[in-house]
Each structure stands twice: as C-alpha cells, then as structure tokens.
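First up is the structure itself, then whatever we jot down about it.
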Amino acid sequence: MIREKDKIEIYIDEGLCKGCDICIELCRPGVFVKSEKLNSRGYYVPVPASMNKCTGCMICELICPELAVIIKKNELVKEVV
Amino acid sequence: MKNELLKYLRTDILPTEFCSGCGCGTVLNIFCHVVDELKINPDDIIMVTGIGCSSWIPSPYFSADTLHTTHGRAIAFATGVKVMKPDKHVIVIAGDGDLAGIGGNHLIHAARRNIGLTVFLVNNYIYGMTGGQVSPTTPSNVPTTTTPYGNTEPAFKIAELVSAAGASYVARWTTYQVFHLKKAMKDAILNKGFSFIEICSQCPTSYGKRVGMREGIDQLKDFRDNSIDLKKTAGMKDEELENKFIVGKFAERNRTEFTENLRNINRKFDEVPV
Ligand SMILES: Cc1ncc(C[n+]2csc(CCOP(=O)(O)OP(=O)(O)O)c2C)c(N)n1
Ligand code: SF4
Ligand code: SF4
Ligand SMILES: [Mg+2]
C-alpha cells in the first residue's frame, strides 16, 4: 500500500465542537490532544497535534456527533486506500 | 473549514441541541455520509418521525421534506406517505420509546405487512428527552426515574422481534461500529421491503449516568468491549449473552412489498371493462 502521509489534512470545526473527547479517545494512533483553549460555547476543543500519525481510517469523522471533524484526503490517497 | 455534508442539514440551528457525546449526533453524521455516498437527492427523501431526542435527528436537523408527527405514530404516517408516494425513500428515525413503546404495534404490523419503509430505531435504552423513564428496552435491574429500585421487567429484543414479525431486512449495530452501521444503512435504504436497523446508542445524560457511564465515550467503550457477532452466538447460553450487544444482520429475505400488492389490486380493477 503506497500512501503519502502528508496528503491527509484534518480540520476541526470549533464552532460545532462540544468537547466530548470521543475523537481523542478512539483515534488509535492518538492524533488528537485536548487544547487549552475554550471555544465560544465553553468547550475545550481537540487539536490534531500529531497529524502525521493519521492513517486516514475515518473513524473520527464518522463518529463525531457534531460533524465537526473533517478528514481531507487528496485524490491519490483516496484511490489507494 | 466547513464539513461539506452540512449541505444536508438545516445549518442555521447548529450546533445540535443534543448533549455533548450523545449518539444521536453520530447517527445523523453517518446518515449524511450515506445519503452523500448513495448520491440520493434529498428531494427524493421524505423523513417521518415522532417525539424524543432521537426524533430530532430527522427533524429539525436533516433538511428534506419532513413529517414530525405525534409520539409513536411515525410509522402510521409513513405508511400513508409510502402508499401515495411509492417512488420516494420514506425514512423513519426515532427512539426506542417512540417506536417500540407507544408505537410498538405500528412497528410489528409494518414489519408483517413488509411496507417499503426504512426505519432506524435509535435504542438508547431509555426515555431520554423526558429525563430517564424506563422504556421497553431498558435492561432488567437498571434504576430509572420510574423504577428507582431497579427495573423489574425484562427488555424487548427489538431486532429479533422485528425479524420474527417478517421484515425483509433487519440488522443491529452500535454507534461504535461506524463502518458496519454505514453499510447497513445503505443496504436498508436500497432494500425494497420493510428495512429496519436497531442502532444501540449512548445517552450519557439520562441513561449512562445510571449505569456508571457518565460520558458518551464510556458507553462507546462498553459497545466496543461487549459487542458480539450474531454469527458467533450459536450455541451460546443466555447467561453468556447477558449485557452483550449482539450485532449483525438478522434478516434479509425476499417478500412482496405492501404497496406493490395494493397497486396490483388496483390494476386488476382498472383492467375490468365497464
Ligand atoms: C402521547 C405522548 N405521551 C408522552 C409524551 C412524552 N414524551 C415525550 S418524548 C418521550 C419518550 C421518548 O423516548 P424515546 O423515543 O426513546 O426518545 P429518546 O429521547 O430516548 O431519544 C415521552 C414519553 C408525549 N410527548 N406524547
Ligand atoms: S482518520 Fe483515523 S487515524 Fe486519522 S485522526 Fe481520525 S481516527 Fe485518527
Ligand atoms: S438526553 Fe440523552 S438522548 Fe437526549 S440529547 Fe441528551 S444524551 Fe442525547
Ligand atoms: Mg430512547
């Protein structure tokens, strides 16, 4: 399986996040950490601190109850995975 | 950056009213992925629902034509919609209290008739919205607002019940098994007859805290650690399966669909010369 790791980008929609920590807990390679920063609703949003560890599995994007996690893969990665 | 799937939602009312970590949001999220991947035009979907937190998944959040009906009556309304609009995807998403409690009779008879509806029952084991009253799916011994000394009743096994009643597609998955759930939702939507998924989902606020799982993630870990593949349960004793989530496909069978039978009768009379 050929894959260029830097082709995956992770975005968190801070306006939607409710700080449930599900992505932090369930990401197997441990990409996310809790930030020290509160969003406008008073939640500590996660940050993808180790983006290079992401395998592109999509669990976080699918399981996020607020549709706040976005995994962006470029076309090449999409084809191979 | 914004999630492209937000185009399927009524975004002016986001973020959702769901509690932090609630499984209802995950069901909504996966449903949006499914509609997108199947390339279904939301104009071809009619959402029908009842009352409860789970009933908010289709209404107000999902942006399609919607009937938000009285408590328990979603399937009754959806039946009428499907008879008149057989070409539309008529999709019901509602809770265990709504579909298996007050609306339980509609559920079993819709399965028996094999009406071409897609029904996603979000089973959070409780009446979430009203503050945690016992539901027909609450496990025995669990203390709830209305059973403060523990639930003295056994729980309905919904997927098994709907399968026995004759539905043509039945599955059970939890909000932890996101890929299986996504695939099952696609299969259910594409299947012609009555298609049903029991989705075991976390309700940290009204259920989880009563069973020592205060956060949504705690119940997700319970789903992860205690799910068991239906195919592996043959020969297992009831005691071994206690507190397990039996997941998988419970039924996939070919039966004529209810509205098709109705149309065939109509056609018969249309052909009678006057
Ligand atoms: C006829 C009627 N009876 C009772 C109620 C009060 N009520 C509102 S929601 C609800 C239970 C909802 O439980 P469920 O369907 O499991 O949804 P959840 O909130 O758990 O997702 C009840 C009893 C009502 N709205 N209408
Ligand atoms: S896609 Fe998978 S590996 Fe990447 S951040 Fe999400 S959960 Fe972690
Ligand atoms: S009460 Fe339970 S089901 Fe309702 S929004 Fe809160 S966590 Fe979700
Ligand atoms: Mg419920």
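The values are calculated or read from the model by the stated rules, or taken from the named source; none is laboratory data. Only a predicted model underlies this, so the values are computations on that prediction, with no experimental measurement involved. Cβ placement follows ideal geometry from the backbone for every residue including glycine, while neighbour counts extend to all protein chains displayed. We work out accessible area using only protein heavy atoms, side chains counted, and drop any ligands, DNA or RNA first. Shrake-Rupley method; radii C 1.70, N 1.55, O 1.52, S 1.80 Å.
Search the range B:13-33 for residues that are more than 7 Å from chain A (Cβ to nearest Cβ) and pair each with any residue that is of a type in the set (Gly, Ala, Ser) and surrounded by fewer than 24 Cβ atoms within 10 Å (Cβ to Cβ) when their beta-carbon atoms are under 9 Å apart and the residues are at least 6 apart or on different chains.
B:19/B:206
Taking only the range B:85-137 into account, find how many residues are among the hydroxyl-bearing types (Ser, Thr, Tyr) and away from ligand 4 (no atom under 16 Å from the Cβ). Break it down stepwise before answering.
If we filter the range B:85-137 for residues that are among the hydroxyl-bearing types (Ser, Thr, Tyr), which is where we start, we get B:118, B:125, B:127, B:130, B:135, B:137.
Filter once more, so that each one left must be away from ligand 4 (no atom under 16 Å from the Cβ): B:118.
The number of residues fulfilling the criteria is 1.
Take residue B:87 and tell me if it is away from ligand 3 (no atom under 16 Å from the Cβ) and without any contact (Cβ under 8 Å) to a residue 40 or more places away in the chain. Walk me through how you get there before you give the answer.
Values: away from ligand 3 (no atom under 16 Å from the Cβ): yes; without any contact (Cβ under 8 Å) to a residue 40 or more places away in the chain: no.
Spelling it out, it is not the case that residue B:87 is away from ligand 3 (no atom under 16 Å from the Cβ) and without any contact (Cβ under 8 Å) to a residue 40 or more places away in the chain.
Taking the stated definitions as given, is residue B:15 over 17 Å from residue B:107 (Cα atoms) and within 16 Å of ligand 3 (Cβ to nearest atom)?
yes
So residue B:146 fits all but one of (1) closer than 24 Å to residue B:241 by Cα; (2) within 16 Å of ligand 4 (Cβ to nearest atom); (3) in a loop (DSSP other than H, G, I, E, B); what number is the exception?
Tallying (1) closer than 24 Å to residue B:241 by Cα; (2) within 16 Å of ligand 4 (Cβ to nearest atom); (3) in a loop (DSSP other than H, G, I, E, B), residue B:146 fails exactly one: (1).
Under the condition of being touching a Gly at 6+ places or on another chain (Cβ under 6 Å) and part of a loop (DSSP other than H, G, I, E, B), which residue from the range B:120-143 is farthest from ligand 1 (Cβ to nearest atom)? Before you say what the answer is, go through the steps one by one.
The initial filter retains those residues of the range B:120-143 that are touching a Gly at 6+ places or on another chain (Cβ under 6 Å), namely B:122, B:126-127, B:129, B:135-136, B:141, B:143.
Subsequent filtering for residues that are part of a loop (DSSP other than H, G, I, E, B) retains B:126, B:129, B:135-136, B:141, B:143.
Details: B:126: 6, B:129: 3, B:135: 5, B:136: 9, B:141: 19, B:143: 16 Å.
This residue is B:141.
Tell me which residues, restricted to the range B:146-177, are open to solvent by less than 40 Å² (accessible area, probe 1.4 Å) and within 14 Å of chain A (Cβ to nearest Cβ). Give the steps one after another, and end with the answer.
Taking the range B:146-177 first, the residues open to solvent by less than 40 Å² (accessible area, probe 1.4 Å) are B:147, B:150-151, B:158-159, B:162-163, B:165-175, B:177.
Correct list: B:173, B:174, B:175, B:177.
Anything in the range A:58-74 that is more than 9 Å from chain B (Cβ to nearest Cβ) and either open to solvent by 70 Å² or more (accessible area, probe 1.4 Å) or more than 20 Å from residue B:18 (Cβ to Cβ) (or both)? List them, or say none. Working first, answer last.
First, the residues of the range A:58-74 that are more than 9 Å from chain B (Cβ to nearest Cβ): A:60, A:71, A:73-74.
Across the range A:58-74, the qualifying residues are A:71, A:73, A:74.
Which one is farthest from the other protein chains (Cβ to nearest Cβ) among residues in the range A:12-44 that are surrounded by fewer than 21 Cβ atoms within 10 Å (Cβ to Cβ) and closer than 14 Å to residue A:64 by Cα?
Ranking the qualifying residues of the range A:12-44, first place goes to A:14.
Of all helices (runs of 4 or more DSSP H) completely enclosed by the range B:178-274, which ones contain at least 3 residues that are open to solvent by 70 Å² or more (accessible area, probe 1.4 Å) and closer than 30 Å to residue B:115 by Cβ? Show your work before the answer.
Working: elements: B:178-190, B:216-226, B:258-270.
Result: B:178-190, B:258-270.
Restricting to the range B:188-212, name every residue that is within 13 Å of another protein chain (Cβ to nearest Cβ) and free of Cβ contacts under 8 Å to residues at least 60 places away in the same chain.
B:208
Among the candidates B:125, B:169, single out the residue that is among the aromatic types (Phe, Trp, Tyr) and within 16 Å of ligand 3 (Cβ to nearest atom).
After ruling out the rest, the residue left standing is B:125.
Quick one: would you say residue B:81 is more than 14 Å from every other protein chain (Cβ to nearest Cβ), modelled with pLDDT of 95 or more and out of contact with any helix residue (DSSP H, G or I) (no Cβ under 9 Å at 6 or more places or on another chain)?
Values: more than 14 Å from every other protein chain (Cβ to nearest Cβ): yes; modelled with pLDDT of 95 or more: yes; out of contact with any helix residue (DSSP H, G or I) (no Cβ under 9 Å at 6 or more places or on another chain): yes.
Yes, satisfied.
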